[in-house]
Amino acid sequence: MRKRQQAPGELEQVRAFVNTLDIEEGEDALGTPGALSAWLTEHGLLGRSVRATAADLREALEVREALRELLLAHTDRVPAPKAAATLDAAARRARLELRFDADGGHLESCAGGVTGALGRLLALVQGAMANGTWELLKACRRETCNWAFYDNTKNRSGVWCTMETCGNRAKAQAYRARHAAA
């Protein structure tokens, strides 16, 4: 069982969204359009009366996996070239616009439905990029995990969701490989 490492502020919603797929356990909290609607509603991103479609689900899963690829880049992996293009297209569909108010400027999705909800998530990503917290949201380096976590290490060099699980497994695997070769 992984410890829940929350990200600061609204960035936690992005971390939670990426973690709707537990690769290690093979469980996807967004397995159906209804599950997607429920998750987005529960996280305040979608109105209760809006129901996701199969096309909405495909878009949401594409956005989630593109975000995961960007988080993997934060742990020294090269992101898939398609990730940025996928997020750019989602931002265009969400019609993200810069809005100004008494607190300053922020991005706002002008689209409705699930597309607008995904746009609100992307606006949170941009806000985290602006305030410097984005690069500390990472995905676990273990290919069988890729769990999103917020790097709370002193030197910001964390690469595993937790040292107790993935870190120890990776180190044990490396140790066995070194001794098997010897």
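The numbers here are math on the coordinates, done by the rules we state, and not lab data. Not measured: the values here are computed from a predicted model. Note that each Cβ is placed from the backbone with ideal geometry, even for glycine, and that neighbours are counted across all protein chains shown.
The table below lists the values:
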{"read-out": "Rounded Å value of the spacing that divides the Cα centres of the stretch 1-51 and the stretch 119-137", "value": "17 Å"}
{"read-out": "Computed over the stretch 1-150: relative contact order in percent, which uses C-alpha pairs under 8 Å that are six or more apart", "value": "29 percent"}
{"read-out": "Max mean-square fluctuation residue, GNM over the chain, Cα-Cα springs under 10 Å, options Thr53, Thr75, Thr20", "value": "Thr53"}
{"read-out": "Kyte-Doolittle mean at least 0.0, axial Cα span of 24 Å or more - DSSP H helices of the chain", "value": "54-73, 113-131"}
{"read-out": "The chain: Cys lacking any partner C-beta under 4.7 angstrom", "value": "Cys110, Cys166"}
{"read-out": "Gain in span if fully extended, Ala35 to Arg93, counting 0.36 nm per residue against the direct Cα distance", "value": "18.7 nm"}
{"read-out": "Cut-off of 10 Å, at most 10 other beta carbons, DSSP loop: longest stretch of the chain lacking such GluC sites (Glu not before Pro)", "value": "26-142"}
{"read-out": "Residues whose placed amide H lies under 5 Å from that of Arg141, excluding near-sequence neighbours", "value": "Trp160, Cys161"}
{"read-out": "Listed values (i) 0.96; (ii) 1.10; (iii) 1.05, entry calculated as Cα Rg over 2.2 N^0.38 Å", "value": "(ii)"}
{"read-out": "Sites Glu25 and Lys82, calculated FRET efficiency, Cβ-Cβ separation with R0 30 Å, nearest 0.05", "value": "0.70"}
